[in-house]
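Report on the following structure.
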Amino acid sequence: MNSFGALPIGLLHPMQFLKDELAPHPGRLNLVLRVLLSSTVVIVTSLTLEVPLLMLSLLVVLAVTQSNLLVSRLVGVLAIIAVTLAVGITILLYKFTYDYPLLRILAASALLYGSVYMMRAATLGPVFFIIGIVVIFGQTFVD
């Protein structure tokens, strides 16, 4: 019995898989330049203003950047609204769960679970990804 037929092509021929994945295709250069420019602006701004959690900012840039420029702009505008909503949710959770760490962990976990579910179920998944990340990071800095 030959079990190699069930393996993906990437495991059978890794160099061919790598060559196929790195081959140029239309739109790749445009996407790379947008991610590079966005990341550079975020890095320079964050380091100039000494914003903590540069990693989180870059993660949001990668989540917002889509393959299409129009979708990237839509997700970017919705991401600003989502971050504002997530900060409001985080402050509201602080208000009710500041003295109860277990309740805070359970509420943040429930919000993260809902955000991850909506990330896969909704068409604008990166917006819910950003909400989940901001809420879970925000809840770790209470003490």
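Could you compute how fast the chain diffuses translationally, taking Rh as the Kirkwood radius over C-alpha pairs and applying Stokes-Einstein at 20 °C with viscosity 1.002 mPa s? Give it in µm² per second.
Estimated diffusion coefficient is 120 µm²/s.
Counting only the backbone N, which residues of segment 116-139 are under 15 Å from the spot 7 Å out from the Cα of Tyr94 toward its beta-carbon?
134-139
Please report the accessible area of Asp20 (heavy atoms, 1.4 Å probe, ligands and nucleic acids excluded) in Å², nearest 10.
Here the residue's solvent-accessible area equals roughly 90 Å².
Sequence gap at least 6, Cα distance under 8 Å: using those rules, report the relative contact order of the chain to the nearest whole percent.
Worked out over the chain, it gives 20 percent.
How high is the FRET efficiency from Leu54 to Thr84, r the C-beta distance, R0 25 Å, rounded to 0.05?
It comes out at approximately 0.80.
Can you compute the modelled spin-label distance between Val35 and Met15, with each label point 7 Å from Cα toward Cβ, in nm?
Result for the modelled spin labels: 2.6 nm.
The values are calculated or read from the model by the stated rules, or taken from the named source; none is laboratory data. All values reported here derive from a predicted model rather than from experimental measurement. Here Cβ is always computed from backbone atoms with ideal geometry, including for glycine, and neighbour counts include all displayed protein chains. Please note that ligands, DNA and RNA were not included when accessible areas were found on the heavy atoms of the full protein model with its side chains. Shrake-Rupley method; radii C 1.70, N 1.55, O 1.52, S 1.80 Å.
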